[in-house]
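Input: a single structure, listed below in structure tokens.
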Amino acid sequence: MLETQNLTIRFGGHVAVNAVSCRFAPGTLTAIVGPNGAGKTTYFNLVSGQLRATEGKVLLDGRDLSALPASARTRAGLGRAFQLTNLFPNLTVLENVRLAVQAAHEGPHRRGLNLWSIWSDHRALTERADALLAETHLKAREHDVVASLPHGDQRKLEVALLMALDPQVFMFDEPTAGMNAAEAPVILDLIRRLKQDRTKTILLVEHKMDVVRELADRIIVLHNGTLVADGEPAEVIASPVVQEAYLGVAKEAA
């Protein structure tokens, strides 16, 4: 269970996120929507540790992560796509994925040296990396240097790295932004597949309402940094506060 309690951040006199309290259960995909400047990405940054909250807490399975930096939150099980993940531009696609698989496999507590284990592990890690490249439609690019990849393929690689880390919580911030019509379905299919694992929690910031309607089990709406709606997609999208704040539909005069 991921939980934020009264999560708040102020920049001078401006409150960018205002006392947002939410719980996100395993086996659910929650879409976070709102107009530009609503605080969606700032809220993501507070959860993942890119920003330190002025007030409030971030908890994962009851553990308080609020004082931890982004790297420690990743090790604790929070996986942030596209803004947290860093690619190695001068290495190949395969080398990037293999490094991520190895990091997840070894972890901070592994000790000892066993030659048979090293050989066996190497084969298993390579097979895992190959499988991730196939899943993300990057097998044909495995020997290409990352810096040479087009934007869409770099985004697919970032998802492959996130999947390699196998986090407890997947956080996607506008995952298809900048991708063309042929590339976006690959990312959305990957998210659909991740959603089938009922042990994982998925958070999705997305402007495309057709994507939200299809993927989300729940929608929360931020407006001026404040949580203004929370519920099932059809109910939230039809609510007057969302029609006005998010979709720009003015209230009818009484």
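FYI, it's all coordinate maths here, none of it is from the lab. None of the values given here were measured: they were computed from a predicted structure.
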- Excluding same-chain residues fewer than 8 positions from residue 208, which aspartates and glutamates have a Cα within less than 13 Å of its Cα? 173, 174
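Given the rule -39500 (n - 2.57) for each run of at least 4 DSSP H residues, summed and divided by the residues of the chain, what is its mean residue ellipticity at 222 nm, to the nearest 500 deg cm²/dmol?
Numbers: 9 runs with 97 residues, N = 254.
Helix contribution divided over all residues of the chain: -11500 deg cm²/dmol.
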- Taking every DSSP beta bridge that has both residues in the chain, what percent is antiparallel when rounded to the nearest 5? 55
